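Undergrad: Please find one structure pasted underneath; my questions will follow.
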Amino acid sequence: MHPAVLQLTRILALEAAQGCRDHAVIGGLEAYVDHWRAVAAAALPAATLATVVGSLEGYARLSPADRAERIARVQAEIGEAPEAVSTAPRSPAPHSPSPRSPAPPSTAAAARRPSFTHHPLDDPRLDDPVTALAGVGPKLARDLARLELRTVRDVLFHAPLRHQDFSVRVPIARVRPGDEVTVAGRVVEVRRAPGKAVREILTVVIADDSGRIGLTFFNQPYLAKTMAVGRAIVASGQATAVGGRVGLASPEWEPTAGAGTHTGRLVPVYPLVAGLGQRTLRRVIADAADAFAPCVGDALPDDVRVAEGLMGRAEAVWTLHRATDRADYARARARLAFDELLTLQLWARRRRLERAQLPGVDLSGGRALQQRFVTALSFRLTGAQARCVAEITGDLCRPTPMSRLLQGDVGSGKTAVAGAAVALCAGAGLQAAVMAPTEILADQHHRGLGRLLEAIGFAPFDPTTGATSSGVAVKCYARLVGGMKPAEKAAVAAGLADGSIDVVFGTHALIQTTVRFARLGLSVIDEQHRFGVLQRSTLAAAPGGPAPHVLIMTATPIPRTLAHVLNADLEQSVIDTLPPGRQPIRTLWLKPDERAKAYGFLRQRVERGEQAFVVCPLVEESETIDSPAATTLFERLQGGVFHDVSLGLLHGRMRPAEKDAVMRAFHAGEIRILVATTVIEVGIDVPNATVMLIDGADRFGLAQLHQLRGRVGRGQAESFCLLLAADPSRGAAERLQAVAATSDGLALAERDLQLRGPGDYFGTQQAGIVDRFRFARLVGDPAPLVEAARVAGAIIARDPALGETAHAALSKAVAAFSAGADRA
């Protein structure tokens, strides 16, 4: 029976057993079938599918008797469930491995599956130290702690990296070179001999009724006593042929009595640390799974689990380590991934509901000033920009606090969209704050958006006098960053507190305890992944008065699935087209011996009146990292090939005033070539800069290379990105080839995520979110996330507070997730 059809038969059986109350599936049977029909289309004839869908149409409005008649009609059409479904929690009896998997050897039987009884909460014993496990003493506990395995729970959720499939058992005579096999027999001979490349070679010959085979071990003389002649053992590994004889080199092995941990099955391979062997860790985890997996609680209501066709959580944890085949393991991992995604979606929906209940402020009174802002722009908004402005304005003109992400590739025009929101807020008589992760980016917004605000009547705030630069009482904008003098910061803070400053641009300085807003209406947070959930909400938390609207911007392309994970609590707007006239950037990966050619190209462009960046991964040379350093390269270029060109140096260790002076000189064209680190990765907008030379390009990730490339191509002249790498690794070469081949930021982000994983992709700033996903895959197929979102939506629609008894465990899981997310 097709899985989709089987799933429906089980749901129908459960619904009938519950008295046809339409409680068998979250959201109701009719809604489920509407979703199910697309999956089942490939499994059923069109006429049968139409009968099923038609019979269950309007199910919620029928009487219980009519519902029973409809269920019987569908069951007659597609068949009944092959096993009874009980509404009570049940303990499945131990069962044999799936018939799809090869039969395990009779001498190395697969691990016996424990009985699992459904209970919603974890047994407290899961939080016992690892010394509660058989065979774990103080020394082994210290080794496990280096893997962050300190409790029984930690051990149970330590997932395998990969598997070795030793489930195929063959007679010794049928072993062929290259096969991954399991053989069983008795030891008939043990030979020890000195080796050439190793100290000692131990050969153990085992025999069964069909023949003999040699097992070879290197530098393990102690095995000679363990594998005494006559002992029955099981061995698994890849067969090799040496001198015309087939054997197993360094195989996994174990005695026949009690076999099934290291051989004869799908054998897990775990992450390790030095000093802790794979066999030792595998034994500890297998013993823990057998003894403690049944203690794992299952927060998922039984009706949801049955409807989704999911394995019980306790059984999934056991199967994670004791799977009989790859399909068995995939089902276990899918269940644990569903739990993670469902918890995320429930948390996000609860967060949205809680925010929607806060008193907000309607900013519709600022529409006139917003229109003046848009009209004053020197360009016309693109269709994508206009759509995003409309989406954001719609949210801002409601008395419910907005939480929205504005995503757009480098150069897509996010600043103008954010500026329209800022103008709307100021026009309504409230304050707006724009927070950036670096002073350079904050200063860029202060200059760029400030210039646009001046066109509609704003004046800059002078922190030395505590008034606008014109001295006239008009709407004004200010800057607040950590590098300012204490008296200047105090003047800006006072202006925010008394409401005389309408718009402020700043860094983390905006979320210090000394900063208070008189009437904060809008928080704009740029490059949000560098802050994390707690920091972005801290800026939003203005004590007293209505909750401000929050707009989060990012130019870092985020793959769709990961975007929904990291920003599940946000609505999303996307600027998916670039402004007209943007020149495509030609990207070239140069060979190491083409450095002089690259410098010659830079000189050619500079002599045409253009400017260039030269970016290095390090500030200063390092004894441990062989990469170009900005300070060293600046000195070499200034005293050599570019001795007659105005050069500048910019890096994160410079004082704020120094960085500001360099950036102003580069903007003014006084500096022709700027040698810098990744401090210029975001926020630098110099239309005259046409060349980006990235030295040591192999040291950067794909997303970072794409961001750096986006610093050029902002004017009308053709622009170039040159990649220099002395000796890139295979992975680095893949990155350089990818960035040279496409300018599609989203495609590069997907590839970067595949190469580096979400933790490295975003660094540590959002560990509270990303690190909670051990089993869900954050790149690739979005279907599991979509399904979890559907189920979460149905649960919240029925029980917004998760207050029902059936949802008590889910509520506890969501609270734990929320605590971790807020630490991000």
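The values are calculated or read from the model by the stated rules, or taken from the named source; none is laboratory data. Owing to the predicted nature of the structure, the values given are computational and were not obtained by experimental measurement. Ideal geometry is used to build each Cβ from the backbone, glycine not excepted, and the neighbour counts take in all protein chains shown. These area figures cover heavy atoms from the full protein model, side chains too; ligands, DNA and RNA do not enter into them. Shrake-Rupley method; radii C 1.70, N 1.55, O 1.52, S 1.80 Å.
Undergrad: Within the set of pairs 6 or more residues apart or between chains, which connect a residue that is over 14 Å from Glu594 (Cβ atoms) inside segment 718-731 to a residue that is open to solvent by 70 Å² or more (accessible area, probe 1.4 Å) and assigned to a strand (DSSP E or B) with Cβ atoms less than 8 Å apart?
TA: Sorted first by the residue in segment 718-731, then by its partner, the pairs are Glu718/Arg586; Ser719/Arg586; Cys721/Arg586.
Undergrad: To continue, here is another question. Which ones in segment 251-297 are closer than 30 Å to Thr216 by Cβ, β-branched (Val, Ile, Thr) and part of a loop (DSSP other than H, G, I, E, B)?
TA: Residues of segment 251-297 that are closer than 30 Å to Thr216 by Cβ, as a first pass: 251-287.
Checking which are β-branched (Val, Ile, Thr) leaves us with 256, 261, 263, 267, 269, 273, 280, 284-285.
Within segment 251-297, Thr256, Thr261, Thr263, Val273 qualify.
Undergrad: Check Leu149, Leu121 and return the single one that is at pLDDT 80 or above, in a loop (DSSP other than H, G, I, E, B), within 22 Å of Leu300 (Cα to Cα) and of a type in the set (A, V, I, L, M, F, W, C).
TA: Being at pLDDT 80 or above, in a loop (DSSP other than H, G, I, E, B), within 22 Å of Leu300 (Cα to Cα) and of a type in the set (A, V, I, L, M, F, W, C) holds for just one of Leu149, Leu121, which is Leu121.
Undergrad: Can you pull out every residue in segment 361-388 that is within 27 Å of Ala563 (Cα to Cα) and open to solvent by 20 Å² or more (accessible area, probe 1.4 Å)? Reasoning before the result, please.
TA: Restricting attention to segment 361-388, the residues satisfying the condition of being within 27 Å of Ala563 (Cα to Cα) are 381-388.
Result: Leu381, Gly383, Ala386, Arg387.
Undergrad: For segment 56-70, name all the residues that are basic (Lys, Arg), surrounded by 13 or more Cβ atoms within 10 Å (Cβ to Cβ) and within 12 Å of Gly28 (Cβ to Cβ). Break it down into steps so the answer makes sense when it comes.
TA: Going residue by residue through segment 56-70, those that are basic (Lys, Arg) are 61, 67, 70.
Within this subset, residues satisfying the condition of being surrounded by 13 or more Cβ atoms within 10 Å (Cβ to Cβ) are 67, 70.
Arg67 - this is the single residue of segment 56-70 that is basic (Lys, Arg), surrounded by 13 or more Cβ atoms within 10 Å (Cβ to Cβ) and within 12 Å of Gly28 (Cβ to Cβ).
Undergrad: Related question: Tell me which residues, restricted to segment 38-52, are touching a helix residue (DSSP H, G or I) at 6+ places or on another chain (Cβ under 7 Å), surrounded by fewer than 17 Cβ atoms within 10 Å (Cβ to Cβ) and not polar (S, T, N, Q). It would help to see each step written out before you state the result.
TA: Step one: of segment 38-52, the residues touching a helix residue (DSSP H, G or I) at 6+ places or on another chain (Cβ under 7 Å) are 39-41, 43-44, 48-49, 51-52.
Now restrict to residues that are surrounded by fewer than 17 Cβ atoms within 10 Å (Cβ to Cβ): 39, 41, 43, 48.
Result: Val39, Ala41, Ala43.
Undergrad: Output the residues belonging to segment 505-527 that are hydrophobic (A, V, I, L, M, F, W, C) and surrounded by fewer than 24 Cβ atoms within 10 Å (Cβ to Cβ).
TA: Ala509, Ile511, Val515, Ala518
Undergrad: When you go through (1) within 30 Å of Gly28 (Cα to Cα); (2) modelled with pLDDT of 95 or more one by one for Asp328, which number turns out not to apply?
TA: (2)
Undergrad: Just for segment 675-702: of the residues that are out of contact with any strand residue (DSSP E or B) (no Cβ under 7 Å at 6 or more places or on another chain) and within 15 Å of Gly715 (Cβ to Cβ), which one is least open to solvent (accessible area, probe 1.4 Å)?
TA: Once the filter is applied, the top-ranked residue is Ile684.
Undergrad: Inside segment 298-386, counting only helices (runs of 4 or more DSSP H) that do not spill past its ends, which hold 2 or more residues that are among the hydrophobic types (A, V, I, L, M, F, W, C) and closer than 30 Å to Pro580 by Cα? Let's see the steps before the verdict.
TA: Numbers: elements: 302-308, 313-322, 326-356, 367-376.
Per the criteria, 367-376.
Undergrad: Also, quick follow-up: Residues of segment 650-674 being modelled with pLDDT under 95, closer than 17 Å to Ala629 by Cα and either of a type outside the set (Gly, Ala, Ser) or open to solvent by 70 Å² or more (accessible area, probe 1.4 Å) (or both), which ones?
TA: Leu650, His651, Arg653, Met654
Undergrad: More than 24 Å from Ala661 (Cβ to Cβ) and either open to solvent by less than 40 Å² (accessible area, probe 1.4 Å) or of a type in the set (Lys, Arg) (or both): is that true of Asp502 in this structure?
TA: On the way: more than 24 Å from Ala661 (Cβ to Cβ): yes; either open to solvent by less than 40 Å² (accessible area, probe 1.4 Å) or of a type in the set (Lys, Arg) (or both): yes.
In short, yes.
Undergrad: Return the pair list, or none, for Cβ contacts closer than 7 Å from residues in segment 247-268 that are in contact (Cβ under 8 Å) with a residue 40 or more places away in the chain and among the aliphatic types (A, V, I, L, M) to residues that are surrounded by 24 or more Cβ atoms within 10 Å (Cβ to Cβ) and not in a strand (DSSP E or B), at least 6 apart or on different chains.
TA: As it stands, the answer is Ala259/Ala108; Leu266/Ser167; Leu266/Ala323; Val267/Phe166, since those pairs meet every condition given.
Undergrad: Confirm whether Ala491 is without any contact (Cβ under 8 Å) to a residue 60 or more places away in the chain, touching a Pro at 6+ places or on another chain (Cβ under 6 Å) and crowded, with 20+ Cβ neighbours inside 10 Å.
TA: Values: without any contact (Cβ under 8 Å) to a residue 60 or more places away in the chain: yes; touching a Pro at 6+ places or on another chain (Cβ under 6 Å): yes; crowded, with 20+ Cβ neighbours inside 10 Å: yes.
Judged against the criteria, Ala491 is a match.
Undergrad: Tell me yes or no: at least one residue of segment 448-461 is in contact (Cβ under 8 Å) with a residue 40 or more places away in the chain, open to solvent by 40 Å² or more (accessible area, probe 1.4 Å) and among the basic types (Lys, Arg).
TA: There is no residue in segment 448-461 that is in contact (Cβ under 8 Å) with a residue 40 or more places away in the chain, open to solvent by 40 Å² or more (accessible area, probe 1.4 Å) and among the basic types (Lys, Arg).
Undergrad: Additional query: Please go through segment 334-360 and pick out each residue that is free of Cβ contacts under 8 Å to residues at least 40 places away in the same chain and open to solvent by 10 Å² or more (accessible area, probe 1.4 Å).
TA: In the first step, residues of segment 334-360 are kept if they are free of Cβ contacts under 8 Å to residues at least 40 places away in the same chain; the result is 335, 354, 357.
Result: Glu354, Gln357.
Undergrad: Could I ask something else about it? For segment 533-551, does any single residue satisfy the condition of being in a helix (DSSP H, G or I) and modelled with pLDDT of 75 or more?
TA: Step one: filter segment 533-551 for residues in a helix (DSSP H, G or I), giving 533-540.
Subset that is modelled with pLDDT of 75 or more: none.
No - not one qualifying residue is present in segment 533-551.
Undergrad: Another question, then. Looking at segment 227-238, I want the residues that are farther than 13 Å from Pro255 by Cβ and have a partner that is assigned to a strand (DSSP E or B) and of a type in the set (Ser, Thr, Tyr) with Cβ atoms under 7 Å, at least 6 apart or on another chain. Which pairs are those?
TA: Ser236/Thr182
Undergrad: On to the next question. Which condition breaks for Val304 when tested against (1) at pLDDT 95 or above; (2) farther than 30 Å from Ala420 by Cβ?
TA: The failed condition is (1).
Undergrad: Would you call Val296 modelled with pLDDT of 95 or more and under 23 Å from the mean Cα position of the chain (by Cα)? Steps first, please.
TA: Numbers: modelled with pLDDT of 95 or more: yes; under 23 Å from the mean Cα position of the chain (by Cα): no.
So Val296 does not fit the description; no.
Undergrad: Where in segment 707-778 are there helices (runs of 4 or more DSSP H), lying wholly inside it, with at least 2 residues that are open to solvent by 10 Å² or more (accessible area, probe 1.4 Å) and at pLDDT 80 or above? Lay out the reasoning, then the answer.
TA: Details: elements: 730-741, 745-762, 767-770.
In segment 707-778, the matching helices (runs of 4 or more DSSP H) lie at 730-741.
Undergrad: If only one of Leu785, Leu810, Leu802 is under 19 Å from Asp569 (Cβ atoms) and under 15 Å from the mean Cα position of the chain (by Cα), which one is it? Give the steps one after another, and end with the answer.
TA: On the way: Leu810 fails: under 15 Å from the mean Cα position of the chain (by Cα); Leu802 fails: under 15 Å from the mean Cα position of the chain (by Cα).
Being under 19 Å from Asp569 (Cβ atoms) and under 15 Å from the mean Cα position of the chain (by Cα) holds for just one of Leu785, Leu810, Leu802, which is Leu785.
Undergrad: If you take the residues of segment 656-698 that are over 35 Å from the mean Cα position of the chain (by Cα), in a loop (DSSP other than H, G, I, E, B) and touching a residue at least 60 places away in the same chain (Cβ under 8 Å), which of them is nearest to Arg709 (Cα to Cα)?
TA: So the first thing to find is which residues in segment 656-698 are over 35 Å from the mean Cα position of the chain (by Cα), and the list is 657-658, 661-662, 664-673, 688.
With the extra rule that they be in a loop (DSSP other than H, G, I, E, B), the set shrinks to 668-672, 688.
If we keep only those that are touching a residue at least 60 places away in the same chain (Cβ under 8 Å) as well, we get 671-672, 688.
Working: Ile671: 19, Arg672: 18, Asn688: 14 Å.
Ranking the candidates gives Asn688 first.
Undergrad: How many of the residues making up segment 256-277 are loosely packed, with under 15 Cβ neighbours inside 10 Å and modelled with pLDDT of 85 or more?
TA: Of all residues in segment 256-277, those loosely packed, with under 15 Cβ neighbours inside 10 Å come to 257-258, 269, 271, 273-275, 277.
Still in the running and modelled with pLDDT of 85 or more: 269, 271, 273-275, 277.
Summing the residues that are loosely packed, with under 15 Cβ neighbours inside 10 Å and modelled with pLDDT of 85 or more in segment 256-277 gives 6.
Undergrad: Sticking with this one: Can you tell me which of (1) outside any strand (DSSP E or B); (2) open to solvent by 50 Å² or more (accessible area, probe 1.4 Å); (3) in contact (Cβ under 8 Å) with a residue 24 or more places away in the chain is the one Glu189 doesn't meet?
TA: Of everything listed in (1) outside any strand (DSSP E or B); (2) open to solvent by 50 Å² or more (accessible area, probe 1.4 Å); (3) in contact (Cβ under 8 Å) with a residue 24 or more places away in the chain, Glu189 misses just condition (1).
Undergrad: Which is modelled with pLDDT under 85 and open to solvent by less than 20 Å² (accessible area, probe 1.4 Å), of Ile575, Ile558? Write out each step before concluding.
TA: Details: Ile575 fails: modelled with pLDDT under 85.
Just a single option satisfies the conditions, and that option is Ile558.
Undergrad: I would also like to ask the following. Quick one: which residue in Asp208, Asp123, Asp165, Asp179 is among the charged types (D, E, K, R) and farther than 16 Å from Leu248 by Cα? Break it down into steps so the answer makes sense when it comes.
TA: Values: Asp208 fails: farther than 16 Å from Leu248 by Cα; Asp165 fails: farther than 16 Å from Leu248 by Cα; Asp179 fails: farther than 16 Å from Leu248 by Cα.
Sole residue among the options that is among the charged types (D, E, K, R) and farther than 16 Å from Leu248 by Cα: Asp123.
Undergrad: Out of all the residues in segment 158-178, which are touching a Phe, Trp or Tyr at 6+ places or on another chain (Cβ under 9 Å) and part of a loop (DSSP other than H, G, I, E, B)?
TA: His158, Ala159, Pro160, Leu161
Undergrad: Mind checking which residues of segment 625-649 are outside any loop (DSSP other than H, G, I, E, B) and surrounded by fewer than 16 Cβ atoms within 10 Å (Cβ to Cβ)? Show your work before the answer.
TA: From segment 625-649, those outside any loop (DSSP other than H, G, I, E, B) are 629-638, 647-649; that's our starting set.
Result: Thr632, Glu635, Arg636.
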